[in-house]
Amino acid sequence: MQPAKRVKDISLSGIRKMFELVGADSINLGLGEPDFDTPQHIREAAKKALDEGFTHYTVNKGIIELRESISDKLKRDNHISASPESIIVTAGASEGLQIAFNALVDVGDEVLIPDPGFVSYDASVKLAGGRPVPVKLTDDEEFRMTPEHVLENLTDKTKAVLINSPANPTGSVMKKEDIKGIAEIADDHDIAVISDEIYEKIIYDAKHYSPATYSDNCITINGFSKAYAMTGFRIGYVAADEIITEEMLKVHQYSTACASSISQKAALTALEGPQDSIDVMVAEFRRRRDLIVGRLQRMGMSCVMPKGAFYVFPKVDDPLEFVEEALKRDVITVPGISCGIYGEDHVRLSYATSYEEIELAMDRLDEFYL
Ligand SMILES: Cc1ncc(COP(=O)(O)O)c(C=O)c1O
């Protein structure tokens, strides 16, 4: 059997490969998910859905109560006016990215993606037949994408620009004027902005803005994995204008049919129920961020202070050697090159693990880096 070239040419995430090395005593700073439990009331909602036999297909776009609740959330938090008809509930933000790229991109179209950036962007654009164009983000600009970056990389083949704020792997948060500026470029040049807002709620010293507040040429992608510690539920959503939503729906229908019925009920409870678990989680992430950044800086690393998400992305002398030396001491880290060529001088460390474990991990890194 010969695999398709388009699939053969992409590789599995380097981050996943690191997880295969995790041993019993390892401290895993490679993680991309909150280490907190899913709040009890959300788990109860999932159990209730099961007990009541809510275990069948739902309508493709997702149950109307959930889409109405997402529509309210988008209006309340993001000043986005999206009717329930222009929302699709997906199997995580991951599926949201797939259906957005597949609905938008023709063979050969270019999509600007942040570099360093989330591992899926490059592969997902390629799977959709497009050509990812890495937009170089640098630590002296705190890894923020700006309208100037977009203009520099724009060609007559550009179909879309992907923005991710707060960002994986850098923790950078884009400024309002940059989000607005990129939304205006999208309008002027008739391209789409795909906005991955999965870390929206995990933000410290900054405010989150959505490009869809300023332009209709936007696809907003979000989900429940990070804000509500629901990674295993595989539940998220996309919102866009009704025309592109109908195209995304085709891809969604023929690949997933609908998101898990049980997870949809849990997501509804997440949105409608108490939100205090988010504040507790974010306060703890902030404490850990301050710890890890302080310790890395004491080791002499240059490390931009992350304003969101739960990763730090310091510059180190020899990243591959660093990852190996850390591994010898049972600390899992991720080489920055896994997040794109412009991440090659860095490593990614996640602080989605306990304060005590981070302290221990930093003691071990001190052994060879201090
Ligand atoms: C930037 C970014 N977008 C999307 C996702 C995927 O999230 P989900 O679990 O909702 O598929 C992740 C997961 O790590 C991420 O870091």
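Net charge within 13 Å of Arg298 by Cβ-Cβ distance, Lys/Arg positive one each and Asp/Glu negative one each, not counting Arg298 itself? Can you show the working numbers first?
On the way: positive: Arg295; negative: Asp290, Glu359, Asp363, Asp366.
Taking every other residue near Arg298 into account, the sum is -3.
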Quick one: which residues, 5 or more positions from Ala192 or on another chain, have an amide H under 5 Å from its amide H? H modelled 1.01 Å from N in the peptide plane, none for Pro or chain starts.
Ala160, Val161
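Return the subset of Lys73/Lys265; Lys75/Lys207; Lys47/Lys201 for which the Cα-Cα distance in this structure is over 20 Å, preserving the input order. Can you show the working numbers first?
Working: Lys73/Lys265 16 Å; Lys75/Lys207 16 Å; Lys47/Lys201 26 Å.
Correct reply: Lys47/Lys201.
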Accessible area per residue in Å² at 1.4 Å probe, computed on the chain
43
Among the chymotrypsin sites (Phe, Trp or Tyr not before Pro) within the stretch 259-329, which fall in a DSSP loop and have no more than 11 other Cβ atoms within 10 Å of their own Cβ?
none
Could you give each residue of the stretch 286-302 its phi-based ³J(HN,Hα) in whole Hz, using Karplus coefficients 6.51, -1.76, 1.60 with θ = phi - 60°, and x for Gly or Pro?
4, 4, 5, 4, 4, 5, 5, 5, x, 5, 5, 5, 5, 6, x, 7, 8
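Charges at C-beta only: +1 for Lys and Arg, -1 for Asp and Glu. How large is the resulting dipole of the stretch 236-341 about its Cα centre, in Debye rounded to 20? It would help to have the intermediate numbers written out before the result.
Working: 12 positive and 15 negative charges, 99 e Å.
The dipole of the stretch 236-341 has a size of about 480 debye.
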Hz values of 3J(HN,Hα) by residue in the stretch 147-156 - Karplus curve (6.51, -1.76, 1.60), Gly and Pro given as x:
x, 4, 4, 5, 4, 4, 9, 6, 10, 6
Overall dimensions of the stretch 40-272 as given by Cα atoms, namely Rg and Dmax in Å:
17.0, 55
Mind listing the long-range amide H neighbours of Gln275? Cut-off is under 5 Å, sequence gap 5 or more, other chains count too, H placed in the peptide plane at 1.01 Å from N.
none
Between Asp109 and residues 5 or more places away or on another chain, the pairs with built amide H atoms under 5 Å apart involve Arg131
Excluding same-chain residues fewer than 8 positions from Lys126, which lysines have a Cα within less than 16 Å of its Cα?
Lys5, Lys8, Lys157, Lys159
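Count neighbours as other Cβ atoms within 10 Å of each site's Cβ, and list the chymotrypsin sites (Phe, Trp or Tyr not before Pro) in the stretch 1-64 that are DSSP loop with at most 11 such neighbours. Present the calculation step by step, with values, prior to reporting the outcome.
Numbers: sites: Phe19, Phe36, Phe54, Tyr57; in loops: Phe36, Phe54, Tyr57.
Sites meeting the loop and neighbour criteria: Tyr57.
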Cross-link reach from Lys226 to aspartates and glutamates, straight Cα distance under 13 Å and at least 8 residues apart if same chain, gives Glu33, Asp35, Asp37, Asp196, Glu197, Glu200, Asp279
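The values are calculated or read from the model by the stated rules, or taken from the named source; none is laboratory data. Owing to the predicted nature of the structure, the values given are computational and were not obtained by experimental measurement. Positions of Cβ are generated from backbone atoms using ideal geometry, with glycine treated the same way; all protein chains shown enter the neighbour counts. Protein only, heavy atoms only, side chains kept; ligands, DNA and RNA dropped before computing areas. Shrake-Rupley method; radii C 1.70, N 1.55, O 1.52, S 1.80 Å.
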